[in-house]
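Asker: Sharing a structure below in structure tokens format, with a few things to ask.
The values are calculated or read from the model by the stated rules, or taken from the named source; none is laboratory data. Fair warning: this is a prediction, and the values are worked out from it, not measured in the lab. Cβ placement follows ideal geometry from the backbone for every residue including glycine, while neighbour counts extend to all protein chains displayed. Please note that ligands, DNA and RNA were not included when accessible areas were found on the heavy atoms of the full protein model with its side chains. Shrake-Rupley method; radii C 1.70, N 1.55, O 1.52, S 1.80 Å.
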Amino acid sequence: GMVQQEPGGVAGLAAAAGEAAAGTAEVRLSRRRWVVVLLFSSYSLCNAFQWIQYSSINNVFLRFYGVSAFAIDWLSMSYMLTYIPLLFPVAWLLDKRGLRLIALAGSALNALGAWVKLGSLKPHLFPVTVLGQVICSLAQVFILGMPSHIASVWFGSHEVSTACSIAVFGNQLGIAVGFLVPPVLVPNVEDVEKLAYHISIMFFMTAGVATALFILVVIVFKEKPLHPPSRAQALIQSRPPEEYSYVQSILRLLRNANFLLLMVTYGLNTGCFYALSTLLNRMVIHHYPGEEVNAGRIGLTIILSGMVGALISGIWLDRTKTYKQTTLVVYIMSLAGMIAYTFTLSLGHLWVVFVTAGMLGFFMTGYLPLGFEFAAELTYPESEGTSSGLLNVSAQIFGIAFTISQGQIMDRYGTKAGNIFLCSFLFLGTVMTAFIKADLRRQQANLDNEQTVIRSGERPEGPRSSSAPTGCSAQ
């Protein structure tokens, strides 16, 4: 029941033939798969760095360009705003034209935006830096929905969650570097000419790295491996092209109650993360004046601990397949971490803030690949690019709403009130997550195909786990 079929006629025969072909297809892993996922992770890193590089030194750019804090916040929120209307065209391109075109477009726009920012090194050129950031935000549309799709096309069922975590890992590492490097490269000096010089160093370095990564994508990035890496992927590749309808796929996703619940809960959690990242510099500077570098280090702590959490959760999912239980536990701990951070930020001890921020990051940032993986399980055999894209649209919408609302609450009532505002939505997301049913369709498809192969007398491909059936997420 995983692949919709007509009960009879040509369509039914074609679908049956597709299943038979998938059952006999050679399943083999490509050695290039690690190069592909690491290259994607690298240009995703560069794009994420450009997202947060303004917010991590909000007060410096505010003074350099002579604009309001809200205007600097919009440089971050432009990433969220651009994504919403462009998701569906880019997801359609991903399904129709494949991974390579999307990778080329994403890395090219990322490099172009970085070079445009080099034309904004005078205080009156703020519109130019806005243009550069908008171009980078266009690149993000070609990046955010890719992790589960790359994992699906290139990786076997026993390693797919780990691969998805590595792909998300790059984005998180980019945010970490974006918190750490700008405060070091751009000190808060009074002289505008010296400030412009320091900003130019950061922009030149970013443009150079982005260009090198684009060249590598042109040379290295391939559409797909020669052989499917798993039975579930073989089943998808054997499906006749005319059987797939992009519009019908979206409509099926929006009728999937479990996926809709996950889409809202993912948006609530990730939206809180976006708001926290964008406003972190303002929060820390408010309670610890002059601590721009430590504000960046606190952001770095959040992201690095989250990267560890993401990697651990990916390995855990590959071993246990406990998607619902893991997602719920991580969500509860994200709420606990946010509460701890909220009530320790104003105590006057920076080391305490580092500890609670690290705890928050481990679970809140570690949740991101979990959402992609759980969605891929709930929505099989729909495209991972479409399901991931809908999750990200939800995250962008909540991210904009939370960033604007929390910023206004902080200005009027203080940072604690703003953080309590986020806590309330994390609590709502925790309750909603408890109602999601673990309908693991992809795992079942892998198991069904494996049993078909065994019954036909063939030896199943790939390593097997003694604790759970093979076939995970993002296939």
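Asker: On the protein heavy atoms, probe 1.4 angstrom, tell me the percent of accessible surface of the range 249-455 carried by carbon and sulfur.
Answerer: Working: 4900 of 7130 Å².
Answer for the range 249-455 is 69 percent, counting heavy atoms of protein chains only.
Asker: Given a 1.4 Å probe, how much area per residue of the range 249-455 is accessible, in Å²?
Answerer: 34 Å²
Asker: Counting pairs on different chains as well as pairs 8 or more places apart, how many Lys pairs in the range 31-227 have Cα atoms under 19 Å apart?
Answerer: Numbers: LYS96/LYS222; LYS96/LYS224; LYS117/LYS194; LYS122/LYS194.
Summing the qualifying lysine pairs gives 4.
Asker: Using a 1.4 angstrom probe on heavy atoms only, work out the carbon and sulfur share of the accessible area of the range 31-227 in %.
Answerer: Carbon plus sulfur share of accessible area: 74 percent.
Asker: So, one more: In square angstrom, what is the accessible area per residue of the range 138-196 with a 1.4 angstrom probe?
Answerer: Numbers: 1560 Å² over 59 residues.
Per residue, the range 138-196 has an accessible area of 26 Å².
Asker: Still on this model: How far apart, in nanometres, would the label points at ALA212 and VAL192 be if each is projected 7 angstrom from Cα along the Cα-to-Cβ direction?
Answerer: 3.4 nm
Asker: Still on this structure, please answer the following. Measure off 7 Å from each Cα along the Cα-to-Cβ vector at ARG31 and VAL355, then give the distance between these two points in nanometres to one decimal.
Answerer: Taking the two extended label points, one gets 4.8 nm.
Asker: Per residue of the range 400-406, what does 6.51 cos²θ - 1.76 cosθ + 1.60 with θ = phi - 60° give for ³J(HN,Hα)? Whole Hz please, x for Gly and Pro, Karplus curve as stated.
Answerer: Listing the rounded values in order: 5, 4, 5, 5, 5, 5, 5 Hz.
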